[in-house]
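Presented below is the structure to which this report refers.
The values are calculated or read from the model by the stated rules, or taken from the named source; none is laboratory data. Remember, predicted model here, so these are calculated numbers, not experimental data. So basically every Cβ, Gly included, is an ideal-geometry build from the backbone, and we count neighbours across all protein chains shown.
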Amino acid sequence: MITRLSARYVLAHRNGRHVLLRDAHVVYEGDRITYVGTGDPGPVDELIDAGEALVMPGLIDLDALCDVDHLQLDSWASPGNATGLQWSEDYFRNRRHDVFTAEERAAVREYALIQLALHGVTTYMPIAAETHSGWAETCDDFVAVAEAGRRIGLRGYLGPSFRSGVNVVRADGSRAVLFDEEQGERGLRQAAAFLDWAEAQQDPLITGVLLPCRVETLTPDLLRAVAELSARRDVRVRIHALQGLAERQVIGELYGCTPLELLDRSGLIGPRTLIPHGIYIDRRVLGADHGDLARLAAAGVSIVHCPLTSFRYGSALRSLPAYVEAGVNVALGTDSFPPDLIRGMDTGVQLAKLLEGRADAAPAERYVEAATLGGAKALGRADLGRIEAGAQADLVAFALDDLRDGAVDDPVRTLLLSGTARQLRHSVVAGRTVVRNGELPGVDLAAVRRRGQELFGKLKAAYSERDHRRRTADELFPPTFPAVD
């Protein structure tokens, strides 16, 4: 089957960089692009006209939420209520359990994957909150995720999260990290089992990776074991690190070093490593660059920048151009709802202006490159993140024909400034149409929405059981305005 996708604008790739074509066509056969240009591409079997739209490489989300979103609950918390969002020490020691059944966990993950597809994400690396599990994720959990992603048609880099410790709140309200090292070892075995399962599938849309949890929740022994398994199996590792002062303090107290030094000692600073969020390095904490960026760049580590989520939690990367100019590869992630990389890119651009005091501090093209080329480089995939002959046919088309978008000048800037990823009109992954005219064929979105709302209610209610003060959900999450009859 030879297909031609045409649009007013196509963000193509030539001579090592993205270029903008007008009134252009992308032709693909099977899973590969065969032609990109403005001329006559010859006969095809299927014609798709996206009209007044911008066709881009499929968006790569390397910190993709696979949960019913919790940000609308926990990003508003006062200091007093924030202690109710983590496990209490009593819950850790005596009462921890899975909030959701296996079937419900699978439904939550599929709900999230559908959201990714509807927002133009074609390649994803998942993240989910372990708060609601008895400990972490299992191989079976991620077999279900992989199968859901395969049904939808997304390209996944997958593996269960695992940890040997948990951030908890003690009875007096103080915070600590408590460990159960046997659970960490079990989690690594589950991760290895998933690598075996993924390899056996021989499916180009399913790739096994190692997804340990936050750096402060893994012991040095477990970190070293992760590094050894990654090297032996030649698989990527993503580990959340360099994302907060509390993390830095905990690791300093436990091991007498910074998080980056701990990763380095463990053998996890290398080209297979992806680090969300990468914010708290020496230049941010100490006010001067003493070599963290150079160390990351020399090792080939990729930073997964999540601008919208960081902003909503009151933080920001300082600054994307400094990382890029130092030679650090930067990819993008969403890490919350909505999984909207268009809004995320716009947020990053505007935050950079504020932090740097310059209108050109982080041009839009830097963020588009991170969402495409940066993600592809982080995965070691030169055939992703670009629209050129020989690349994978991973494509998205965002509509620009709504009056509310305003006048179109540069279509990339117009999309980022005036649009959102909800303007997705069409998406293709490995040559398969995933979204057509804004719809997911064969998916009952109304039923998915109802099920997601039910599961969100269960998730919200479970916070009370874990809270060290056992406050109700209404007390932990007061409404914006009082609800009255």
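Going through region 198-221 one residue at a time, which ones are over 22 Å from the mean Cα position of the chain (by Cα) and crowded, with 17+ Cβ neighbours inside 10 Å?
Thr219
Among the residues of region 353-376, how many are modelled with pLDDT of 95 or more and either more than 21 Å from the chain's Cα centre (by Cα) or more than 29 Å from Ile48 (Cβ to Cβ) (or both)?
Qualifying residue count for the region: 0.
In region 332-352, is there at least one residue being of a type in the set (D, E, K, R), more than 19 Å from the chain's Cα centre (by Cα) and surrounded by fewer than 23 Cβ atoms within 10 Å (Cβ to Cβ)?
no
Are any residues in region 129-160 within 24 Å of His119 (Cα to Cα) and outside any helix (DSSP H, G or I), and if so, which ones?
Scanning region 129-160 gives Ala129, Gly153, Leu154, Arg155, Gly156, Tyr157, Leu158, Gly159, Pro160.
Between a residue in region 106-122 that is touching a residue at least 40 places away in the same chain (Cβ under 8 Å) and any residue that is part of a helix (DSSP H, G or I) and β-branched (Val, Ile, Thr), which pairs come within a Cβ distance under 7 Å, given they are 6 or more apart or on different chains?
From region 106-122, the pairs are Arg109/Val145; Tyr111/Val448; Leu113/Ile152; Ile114/Ile152; Ile114/Val448; Ala117/Ile152.
Output the number of residues of region 433-449 satisfying the condition of being in a loop (DSSP other than H, G, I, E, B) and over 19 Å from Arg150 (Cβ atoms).
2
Could you please find all residues in region 232-268 being among the hydrophobic types (A, V, I, L, M, F, W, C) and surrounded by fewer than 21 Cβ atoms within 10 Å (Cβ to Cβ)?
Residues satisfying the conditions are Val235, Leu245, Ala246, Leu254, Cys257.
Are there strands (runs of 3 or more DSSP E) fully within region 8-103 with at least 2 residues that are touching a helix residue (DSSP H, G or I) at 6+ places or on another chain (Cβ under 8 Å) and closer than 30 Å to Ala399 by Cα? List them.
Hits in region 8-103: 17-29, 53-57, 59-65.
When you scan region 31-58, how many residues do you find that are more than 28 Å from Ile342 (Cα to Cα), exposed (fewer than 13 other Cβ atoms within 10 Å of the Cβ) and not acidic (Asp, Glu)?
Final tally of qualifying residues: 3.
Go through (1) within 18 Å of Leu5 (Cα to Cα); (2) surrounded by fewer than 16 Cβ atoms within 10 Å (Cβ to Cβ) one by one and return the number of the condition Leu355 breaks.
Condition (1) is where Leu355 drops out.
Among the residues of region 134-150 satisfying the criterion of being more than 26 Å from Glu465 (Cβ to Cβ) and touching a residue at least 40 places away in the same chain (Cβ under 8 Å), which is surrounded by the fewest Cβ atoms within 10 Å (Cβ to Cβ)?
Arg150
Being among the hydrophobic types (A, V, I, L, M, F, W, C), surrounded by fewer than 17 Cβ atoms within 10 Å (Cβ to Cβ), under 25 Å from the mean Cα position of the chain (by Cα) and not in a strand (DSSP E or B): is that true of Ala107 here?
Against the criterion (among the hydrophobic types (A, V, I, L, M, F, W, C), surrounded by fewer than 17 Cβ atoms within 10 Å (Cβ to Cβ), under 25 Å from the mean Cα position of the chain (by Cα) and not in a strand (DSSP E or B)), Ala107 does not qualify.
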